[in-house]
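Notes follow once the structure below has been shown.
The values are calculated or read from the model by the stated rules, or taken from the named source; none is laboratory data. As the structure is a computational prediction, the values presented were derived from the model and not from experiment. When we count neighbours, we look across all protein chains shown, and the Cβ atoms used for this are built from the backbone with ideal geometry, even at glycine.
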């Protein structure tokens with residue numbers, strides 16, 4: 001059983017499906033829903049970095065808050081940070097004692113260029129998160145995306 005689920009998103013349309021899957025899973029397990037967006041290494045002043053984090057938080061609220069509220073899930077946290085994305089994901093998972101990290105196989109949409117979704121490799125963030133995570137990592141495959149499911 002999962003008490004804390006960390007969902008990683010790059011705010012792409014593809015990640016919308018990962019977030020929906022995570023919301024359903026959190027609701028089913030009555031788990032805390034942690035949603036994370038990493039900005040990467042910004043190389044900005046402290047003030048500029050804080051502004052970028054606030055903009056990122058606003059984008060997260062705009063992208064997901066209605067869906068979170070409509071789901072009825074009350075235990076959720078939105079987290080945005082700068083820095084190495086994999087380090088930040090694994091640090092957040094460790095510090096919050098996360099039971100499961102949920103993410104897509106890559107930040108690149110699998111059908112962006114008409115690619116075969118069956119052979120898409122894992123992206124570098126997903127690969128490194130799997131290797132460094134302090135808990136299990138569940139990858140939501142492209143085959144679970146609406147319109148791509150094989151019957």
* Of all residues making up segment 1-23, the number that are surrounded by fewer than 21 Cβ atoms within 10 Å (Cβ to Cβ), closer than 16 Å to residue 77 by Cα and touching a helix residue (DSSP H, G or I) at 6+ places or on another chain (Cβ under 8 Å) -> 4
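Of everything in segment 56-73, what is without any contact (Cβ under 8 Å) to a residue 24 or more places away in the chain, surrounded by 11 or more Cβ atoms within 10 Å (Cβ to Cβ) and more than 17 Å from residue 6 (Cβ to Cβ)? Give them in sequence order.
Going through segment 56-73, the residues without any contact (Cβ under 8 Å) to a residue 24 or more places away in the chain turn out to be 57-58, 61-62, 65-66, 69-70.
Pick out the ones that are also surrounded by 11 or more Cβ atoms within 10 Å (Cβ to Cβ) and you get 57-58, 61, 65, 69.
Within segment 56-73, 58, 61, 65, 69 meet the criteria.
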* Asked: Based on what the data block shows, is residue 73 more than 23 Å from residue 28 (Cα to Cα) and either at pLDDT below 95 or over 14 Å from the mean Cα position of the chain (by Cα) (or both)?
  -> no
* Just give me the residues in segment 92-133 being loosely packed, with under 14 Cβ neighbours inside 10 Å, at pLDDT 90 or above and not in a helix (DSSP H, G or I), in sequence order. => 97
* Asked: Which one of these does residue 83 not meet: (1) without any contact (Cβ under 8 Å) to a residue 40 or more places away in the chain; (2) on the phi > 0 side of the Ramachandran plot; (3) in contact with a strand residue (DSSP E or B) (Cβ under 9 Å, 6 or more places away or on another chain)?
  -> (1)
* **Selected residue (criterion: modelled with the lowest pLDDT) from residues of segment 24-35 that are part of a strand (DSSP E or B) and buried (at least 23 other Cβ atoms within 10 Å of the Cβ)** => 33
